[in-house]
1. Would you point out which residue out of Gly101, Gly124, Gly143 is surrounded by fewer than 17 Cβ atoms within 10 Å (Cβ to Cβ) and outside any loop (DSSP other than H, G, I, E, B)?
2. Only one of these conditions is not met by Gln51: (1) outside any helix (DSSP H, G or I); (2) out of contact with any strand residue (DSSP E or B) (no Cβ under 8 Å at 6 or more places or on another chain). Which number is it?
3. Would you point out the residue of region 127-140, among those that are of a type in the set (A, V, I, L, M, F, W, C) and more than 18 Å from Asp41 (Cβ to Cβ), that is surrounded by the most Cβ atoms within 10 Å (Cβ to Cβ)?
4. Taking the stated definitions as given, is Arg111 out of contact with any Phe, Trp or Tyr (no Cβ under 9 Å at 6 or more places or on another chain) and part of a strand (DSSP E or B)?
5. Got at least one residue in region 121-128 being out of contact with any Asp or Glu (no Cβ under 6 Å at 6 or more places or on another chain), over 26 Å from Pro69 (Cα atoms) and either polar (S, T, N, Q) or at pLDDT below 90 (or both)?
6. Within region 63-82, how many residues are under 17 Å from Leu128 (Cβ atoms) and outside any loop (DSSP other than H, G, I, E, B)?
7. In a helix (DSSP H, G or I), touching a residue at least 12 places away in the same chain (Cβ under 8 Å), within 10 Å of Pro106 (Cα to Cα) and among the acidic types (Asp, Glu) - does that describe any residue in region 127-136?
8. If the requirement is being at pLDDT 85 or above, small (Gly, Ala, Ser) and surrounded by fewer than 10 Cβ atoms within 10 Å (Cβ to Cβ), which of these qualifies: Gly164, Gly70, Gly118?
Amino acid sequence: MKHRPYAVCSALAVLLSMGAVCMPAMAAVTVTFVQPERFRDLPFSPIERAQVLKELGEHMVQLNKLLPPGQDLAIEVIDLDMAGRIVPNFRAGQDLRVMRGGADWPHMQLRYRLSVNGQQMAAGEEQLRDMAYLERINRYSDGDSLRYEKRMVDDWFQNKFAPGHKG
């Protein structure tokens, strides 16, 4: 009976290693912000700027769930102009973002590279815009400060990389 635990561990190790070989690789999305200090529109506060980039990057990385296994998407964000305009609010100590629905729509310039099992399948540069950002239904809550930017990215991703899409 002394050798039985080792036999179980050895068998389990063999099964796990076989499973790792047989399972397809998970999809991955990587996001890089290229010179964010030059972006057209980010909050003035360094803490708020970092928070916006962190949240937006995390949102884009989560899109990996929509890619088929084995696909990798590398995104480089070249420029960002958030929805609305920043109005300094010295009394409150925090800037306000005012959205009027005019020429203050969200805009993002990015480059992407889609690879399947390590082989590049598509690449390009895109200009994302949502000129009707205040007129459309948004699945993100009013409390989400990046709801318009996230929806714009979701729309682009769905149109460009949805399963069955030939773009």
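The values are calculated or read from the model by the stated rules, or taken from the named source; none is laboratory data. This one's a predicted model, so the numbers in the text were calculated from it and none came from an experiment. Glycine also receives a Cβ, built like all others from the backbone with ideal geometry; neighbour counts cover every protein chain displayed.
1. Numbers: Gly101 fails: outside any loop (DSSP other than H, G, I, E, B); Gly143 fails: outside any loop (DSSP other than H, G, I, E, B).
Among Gly101, Gly124, Gly143, only Gly124 is surrounded by fewer than 17 Cβ atoms within 10 Å (Cβ to Cβ) and outside any loop (DSSP other than H, G, I, E, B).
2. (1)
3. Within region 127-140, the subset of a type in the set (A, V, I, L, M, F, W, C) is 128, 131-132, 134, 137.
With the extra rule that they be more than 18 Å from Asp41 (Cβ to Cβ), the set shrinks to 132, 137.
Numbers: Ala132: 9, Ile137: 5.
Checked region 127-140; the qualifying residue surrounded by the most Cβ atoms within 10 Å (Cβ to Cβ) is Ala132.
4. On the way: out of contact with any Phe, Trp or Tyr (no Cβ under 9 Å at 6 or more places or on another chain): yes; part of a strand (DSSP E or B): yes.
Here the answer is yes, as Arg111 does meet what is asked.
5. Restricting attention to region 121-128, the residues satisfying the condition of being out of contact with any Asp or Glu (no Cβ under 6 Å at 6 or more places or on another chain) are 121-128.
From what is left, the residues that are over 26 Å from Pro69 (Cα atoms) are 127.
With either polar (S, T, N, Q) or at pLDDT below 90 (or both) added as a condition, the list becomes 127.
Yes: one or more hits.
6. Our first condition is that a residue be under 17 Å from Leu128 (Cβ atoms); within region 63-82, this holds for 63, 66, 73-82.
Those left that are additionally outside any loop (DSSP other than H, G, I, E, B): 63, 66, 73-81.
Total satisfying the criteria: 11.
7. First, pick out the residues of region 127-136 that are in a helix (DSSP H, G or I): none.
There is no residue in region 127-136 that is in a helix (DSSP H, G or I), touching a residue at least 12 places away in the same chain (Cβ under 8 Å), within 10 Å of Pro106 (Cα to Cα) and among the acidic types (Asp, Glu).
8. Of Gly164, Gly70, Gly118, the one residue that is at pLDDT 85 or above, small (Gly, Ala, Ser) and surrounded by fewer than 10 Cβ atoms within 10 Å (Cβ to Cβ) is Gly118.
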